[in-house]
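Following: one structure in structure tokens, then a few remarks.
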Amino acid sequence: MSDSLRLGIAGLGTVGAGVVKIVRRKQALLAARSGRAIEISAVSARNRDKDRGVPLGDYAWEDDPVALAGRDDVDVFVELIGGSDGPAKAATETALKAGKDVVTANKAMLAHHGQALAELAEKNGAALRFEAAVAGGIPVIKALTEALAGNEITRVLGVMNGTCNYILTRMESAGLSYDEVFAEADQLGYLEADPNLDVGGIDAGHKLSLLASIAFGTQVAFDAVELEGIGRIGIDDINAAADMGYKIKLLGVTRMTGRGLEQRMTPCLVPAASPLGQLDGGTNMVIIEGDDVGQIVLRGAGAGEGPTASAVMGDVMDLARGLRVTTFGVPASRLTSVTTAQASAPAPYYLRMNLLDKPGALAKIAAVLGESGVSINRMRQYGHQDKTAPVLIVTHRTTFQAMEMAVAAMGETGVMEAAPVVLRIEDL
Ligand code: HSE
């Protein structure tokens, strides 16, 4: 058996402790599969005294993750600190500059500094792997970078934030408001320390930008992601969408178009009967479409100790076996800079509005849509007691610009109680 692979683990939160547990519990399995022992040399965290449910006495302790990353007895630096900058980035750079391989779960760091870190890794002959950064236990980075490397990728889409999916599906199943379920998610510990990372779509946007880079050979461009969280989604829309055969998801979609790279992380409708529509609770789903392979659906836990530590260990095992791939599947210098698509591909849209209930109101809305070139596919007006009538419209495929024009013109009709809720319906 060849020399052991020695890990330095920085960050001993849920995921870090999970990785330590796997290395301890599965020594024989890991060694048998990789042909060498996987060992932990040293660990680092903010608080040495905290009980993490796993013995750490066998490992050297470093208060400073940068010192850990530079240790001679560390072959692979495992970065589980989190945060786009600060100690996580400093320690990652130290490891890469020393030619050490890095395994990280840090989507924010890669979304903001992926290009520079990939270049640094390659300059120093090091590998930078990040399976755990996207969709927890789902091996989507490996699928895109390796298994599907012979495909032209046409679209990647999915639900990449379990907390948002929990909130949206729980609102529907329990008939609760956004605020009520948000409070519940908070109590259950589902929310990031900064909840806006979850409900603002930022965490999921980070993940999407990493997938887009691998899928299309482009430099990571998180700043170019069209981002909207789930804060404006009310129970009325969840119920109305369900009535029309849809579910509302915080959906990430990326595709390369003739007009440039499209990256969206926004609330969208998907057919209720589709795999995405049936995704409940905190689970993630990523769908990859390639020219030869067709459509692949990957589903699994997007967070939590076991699933995320499993993804970290997958990267560690690749390195132990000597399997090395470029960070984003293309040499860093060849990743192209991103031209952002100015408009997203045409799609059907969902419109919910309350119309003043007087003769000709609906006709005015239908006329405005027609004049904007938007064709109605389905329409429903609900029985009501008060002075406004709830109306739902599902359009045929149209451009967002046409929808914007129609919505602006609706405001001039004098029959709208308020601006309509407009949501894109993603074709699946
Ligand atoms: N907070 C994330 C989620 C997990 O809810 O999916 C880490 O990215």
Does Leu279 meet the test of being within 16 Å of the ligand (Cβ to nearest atom) and over 21 Å from Met109 (Cβ atoms)? yes
Looking for something at pLDDT 95 or above, away from the ligand (no atom under 16 Å from the Cβ), in a helix (DSSP H, G or I) and over 24 Å from Leu298 (Cβ atoms) - is there at least one such residue anywhere in segment 208-224? yes
Segment 261-375: strands (runs of 3 or more DSSP E) wholly inside it with 2 or more residues that are closer than 22 Å to Ala132 by Cα are 283-290, 294-301
Residue hits (segment 225-239; surrounded by 22 or more Cβ atoms within 10 Å (Cβ to Cβ) and away from the ligand (no atom under 14 Å from the Cβ)) are Val225, Ile233
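For (1) under 18 Å from His206 (Cβ atoms); (2) away from the ligand (no atom under 16 Å from the Cβ), each residue gets a yes or a no:
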| residue | (1), (2) |
| --- | --- |
| Asn106 | yes, no |
| Met109 | yes, no |
| Gln115 | yes, yes |
| Ala121 | no, yes |
| Arg129 | yes, yes |
Over segment 334-380, the set of residues farther than 18 Å from Val270 by Cα and not assigned by TED's automatic domain parsing to the domain that holds Val407 is Arg334, Leu335, Thr336, Ser337, Val338, Thr339, Thr340, Ala341, Gln342, Ala343
Going through segment 97-110 in order, the residues found to be more than 17 Å from Glu192 (Cα to Cα) and surrounded by 20 or more Cβ atoms within 10 Å (Cβ to Cβ) are Lys100, Asp101, Val102, Val103, Thr104, Leu110
Those residues of segment 21-47 that are farther than 16 Å from Pro65 by Cα and of a type outside the set (Lys, Arg) come to a total of 13
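With the requirement that a residue be more than 15 Å from the ligand (Cβ to nearest atom) and within 14 Å of Leu251 (Cα to Cα), what does segment 282-301 give you? Can you show your working first?
Keep residues of segment 282-301 that are more than 15 Å from the ligand (Cβ to nearest atom), which gives 287-297.
Residues satisfying the conditions are Ile287, Ile288.
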Counting only residues that are surrounded by 17 or more Cβ atoms within 10 Å (Cβ to Cβ) and under 20 Å from Leu148 (Cβ atoms), segment 333-369 contains a total of 1
Can we say Ala147 is crowded, with 24+ Cβ neighbours inside 10 Å and more than 14 Å from the ligand (Cβ to nearest atom)? no
The residue from Lys50, Lys142, Lys89 that alone is assigned to a loop (DSSP other than H, G, I, E, B) and open to solvent by 40 Å² or more (accessible area, probe 1.4 Å) is Lys50
Apart from one, (1) under 20 Å from Ile425 (Cα atoms); (2) within 16 Å of the ligand (Cβ to nearest atom) all hold for Gly306; the odd one out is (1)
Result of the Cβ filter at 7 Å on segment 182-201, keeping first residues that are within 11 Å of the ligand (Cβ to nearest atom) and partners that are polar (S, T, N, Q), at least 6 apart or interchain, is Ala185/Thr163; Tyr190/Thr163; Leu191/Thr163; Asp198/Asn161; Asp198/Thr163
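The values are calculated or read from the model by the stated rules, or taken from the named source; none is laboratory data. Computed from a prediction, not measured in an experiment: that's the story for all the values here. With ideal geometry, Cβ positions are generated from the backbone for all residues, glycine too; neighbour counts draw on all protein chains shown. Just the protein is used for accessible areas: all its heavy atoms, side chains included, with ligands, DNA and RNA removed. Shrake-Rupley method; radii C 1.70, N 1.55, O 1.52, S 1.80 Å.
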